[in-house]
1. From the list GLU53, GLU95, GLU57, which residue is surrounded by 15 or more Cβ atoms within 10 Å (Cβ to Cβ), free of Cβ contacts under 8 Å to residues at least 12 places away in the same chain, out of contact with any His (no Cβ under 9 Å at 6 or more places or on another chain) and assigned to a helix (DSSP H, G or I)?
2. State which residue is nearest to the chain's Cα centre (by Cα) when the search covers only the range 127-180 and only residues that are of a type in the set (Lys, Arg) and closer than 29 Å to VAL78 by Cα.
3. Residue check: is SER82 of a type outside the set (A, V, I, L, M, F, W, C), part of a helix (DSSP H, G or I) and within 25 Å of ASP171 (Cβ to Cβ)?
Amino acid sequence: MGEIKSALELAMERSKKYAISDAEREKIKEKEILQKAMGLFHRYKEGHFTLNEMMREIERMDEKTREKVKETLLSQWVDALSLDDDSKRFLDAIESMKGRGLNEIKEKFQKIIAAYQKETDQARQRMSQQLAEDLRSQGIYGNAVDPNVEGQESWKNLLDTVHRSHQAKLDKIKEALKKS
């Protein structure tokens, strides 16, 4: 009488015909490395990981994986530098990963951020005064009147212009970080 095989045994028999090529195996390994790096990036970004904890985690990896993870993390950190968000954590991580000080680049970055914030604040003040004057001309005035600058389309356009002008300077810093 014939032998009854389980579904698992049947699946195992059928899968013996298939093998993963070296190229596919390498592609899977690359994807795993990218996932590890992205996991580390997000845990560090969200503050779930200190820089020391992350570096210890990276040092536990094998040599090839470690280098690829470092390369991916550096790229992600540089890309994450922003005019609007606090990028100090990313600059510290880049500095640690590169193993050398980035004081000159940090200074340039801080100057760009300060200039961007100053210009944004000045533009907000001017826009607020203009809106208050417009409301006053319509008979709306007093201590309780607080113009909604952020709700104005002209504010969004002005902010976009200021952002673009400073973003170009930030992009130069990012490029310098990628090359060094």
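Readers should treat all values here as calculations from the given coordinates under stated rules, not as data from a laboratory. Note that the structure is predicted; figures quoted are calculated from it, not measured. FYI the Cβ positions are ideal-geometry reconstructions off the backbone, even for glycines, and counts take in every protein chain you see.
1. Numbers: GLU53 fails: surrounded by 15 or more Cβ atoms within 10 Å (Cβ to Cβ); GLU57 fails: free of Cβ contacts under 8 Å to residues at least 12 places away in the same chain.
Checking each option against the conditions leaves just GLU95.
2. The residue in question is LYS174.
3. For SER82, the condition - of a type outside the set (A, V, I, L, M, F, W, C), part of a helix (DSSP H, G or I) and within 25 Å of ASP171 (Cβ to Cβ) - is not met.
Let's see how each residue does on (1) within 30 Å of VAL149 (Cα to Cα); (2) crowded, with 17+ Cβ neighbours inside 10 Å:
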{"site": "MET61", "(1), (2)": "no, no"}
{"site": "THR72", "(1), (2)": "no, yes"}
{"site": "GLY101", "(1), (2)": "no, no"}
{"site": "LYS108", "(1), (2)": "yes, no"}
{"site": "ILE113", "(1), (2)": "yes, yes"}
{"site": "GLN122", "(1), (2)": "yes, no"}
